[in-house]
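The values are calculated or read from the model by the stated rules, or taken from the named source; none is laboratory data. Everything quoted here is computed from the prediction, not taken from an experiment. Positions of Cβ are backbone-derived with ideal geometry, glycine not excepted, and every protein chain shown enters the neighbour counts.
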Ligand code: 6PG
């Protein structure tokens, strides 16, 4: 695993950088393989990126017909719900792209007999979908490009601190009850995140600065070469993908990172 860091001046510059990175990575993958499997992040940060990719100048740079889209996590709500990550990505980007339905694999939504969200069934169903899509996978699927965000509590995807989901080492997808949100979610598990050929963590805004300083600049929890991961590590500090890990930040999110800390991470243009 190589770790790379870019700090862009503001959210708009970060979005441009991330969109260029998306194009570059897709072209790189499609030179070697027929299909590029991309896992998408939810939440608000990536919305600007998805919208930018749907703009004509970027849209025309990608062979969308050879991309397969998946979701790193999902809220347990119907796909048309305004909290749905699938709805967010569909409206920001997917509806503007020349795709056919079997290119997009949203996390399914199920309810139990009482009409409540059934996260466990959704997680199991998504694992069946992933096993069909990654039929050659021996242990876990390897996404060519995985986009992730980071919460101000150090969660990523829906792997929240203190939840059993963080420790899941067998399943590809798991249900998660998030106490502080009083809601169920479904998330890809850490083994899947760490099996990716490339992970890009997109972090923007001053609200993330304190957590990012802890995650990237606390020596014993360095992302480089940390073999013994103390159990108290935040979920996102357990991210050690097989491939490359890119931290794509804006200046506001990086404002608490010392110069030494920034220097310890590989810098990209
Ligand atoms: C979600 C995301 C989640 C997100 C972080 C950051 O479903 O909300 O998958 O992991 O990446 O919570 O969210 P923001 O980008 O909204 O700050």
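To keep it simple, each residue is scored yes or no on (1) over 22 Å from residue 43 (Cα atoms); (2) more than 16 Å from the ligand (Cβ to nearest atom); (3) part of a loop (DSSP other than H, G, I, E, B).
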position	(1), (2), (3)
131	yes, yes, no
142	yes, yes, yes
165	no, no, no
176	no, no, no
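Of all residues in the stretch 29-46, how many are in a helix (DSSP H, G or I) and away from the ligand (no atom under 16 Å from the Cβ)?
Total meeting the criteria: 4.
So that you can scan it fast, the table gives a plain yes or no per residue for (1) modelled with pLDDT of 95 or more; (2) farther than 18 Å from residue 42 by Cβ; (3) assigned to a helix (DSSP H, G or I):
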residue: 86; (1), (2), (3): yes, no, yes
residue: 91; (1), (2), (3): yes, no, yes
residue: 98; (1), (2), (3): yes, yes, no
residue: 127; (1), (2), (3): yes, yes, yes
residue: 136; (1), (2), (3): no, yes, no
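Considering only the stretch 159-172, state which residues are in contact (Cβ under 8 Å) with a residue 40 or more places away in the chain and in contact with a strand residue (DSSP E or B) (Cβ under 6 Å, 6 or more places away or on another chain). Spell out the reasoning first.
Filtering the stretch 159-172 for residues in contact (Cβ under 8 Å) with a residue 40 or more places away in the chain gives 159-161, 166, 171-172.
Result: 159, 160, 166.
Those residues that are touching a residue at least 60 places away in the same chain (Cβ under 8 Å) and either more than 6 Å from the ligand (Cβ to nearest atom) or in a loop (DSSP other than H, G, I, E, B) (or both), I need them from the stretch 148-158; list them, please.
Our first condition is that a residue be touching a residue at least 60 places away in the same chain (Cβ under 8 Å); within the stretch 148-158, this holds for 148-151, 153-158.
Across the stretch 148-158, the qualifying residues are 148, 149, 150, 151, 153, 154, 155, 157, 158.
Give 15, 26 a once-over and let me know the one that is within 22 Å of residue 266 (Cβ to Cβ), in a helix (DSSP H, G or I) and within 16 Å of the ligand (Cβ to nearest atom).
Residue meeting the stated conditions: 15.
Please verify whether the stretch 20-30 includes one or more residues that are surrounded by 20 or more Cβ atoms within 10 Å (Cβ to Cβ) and out of contact with any strand residue (DSSP E or B) (no Cβ under 8 Å at 6 or more places or on another chain).
Checking the stretch 20-30: not a single residue is surrounded by 20 or more Cβ atoms within 10 Å (Cβ to Cβ) and out of contact with any strand residue (DSSP E or B) (no Cβ under 8 Å at 6 or more places or on another chain).
Could you tell me which numbered condition residue 104 fails, if it satisfies all but one of (1) buried (at least 16 other Cβ atoms within 10 Å of the Cβ); (2) under 18 Å from the mean Cα position of the chain (by Cα); (3) within 16 Å of the ligand (Cβ to nearest atom)?
(3)
Any idea which residue in the stretch 47-83 is surrounded by the fewest Cβ atoms within 10 Å (Cβ to Cβ), counting only those that are part of a loop (DSSP other than H, G, I, E, B) and in contact with a strand residue (DSSP E or B) (Cβ under 6 Å, 6 or more places away or on another chain)?
As a first pass, look at the stretch 47-83 and keep what is part of a loop (DSSP other than H, G, I, E, B): 54-55, 60-63, 72, 76-83.
Those left that are additionally in contact with a strand residue (DSSP E or B) (Cβ under 6 Å, 6 or more places away or on another chain): 72, 76, 83.
Numbers: 72: 28, 76: 25, 83: 14.
This residue is 83.
Among the listed residues 254, 242, which satisfies the condition of being in a loop (DSSP other than H, G, I, E, B), at pLDDT below 95 and within 26 Å of residue 50 (Cβ to Cβ)? Give the derivation first.
Details: 254 fails: at pLDDT below 95.
Unique residue meeting the criteria: 242.
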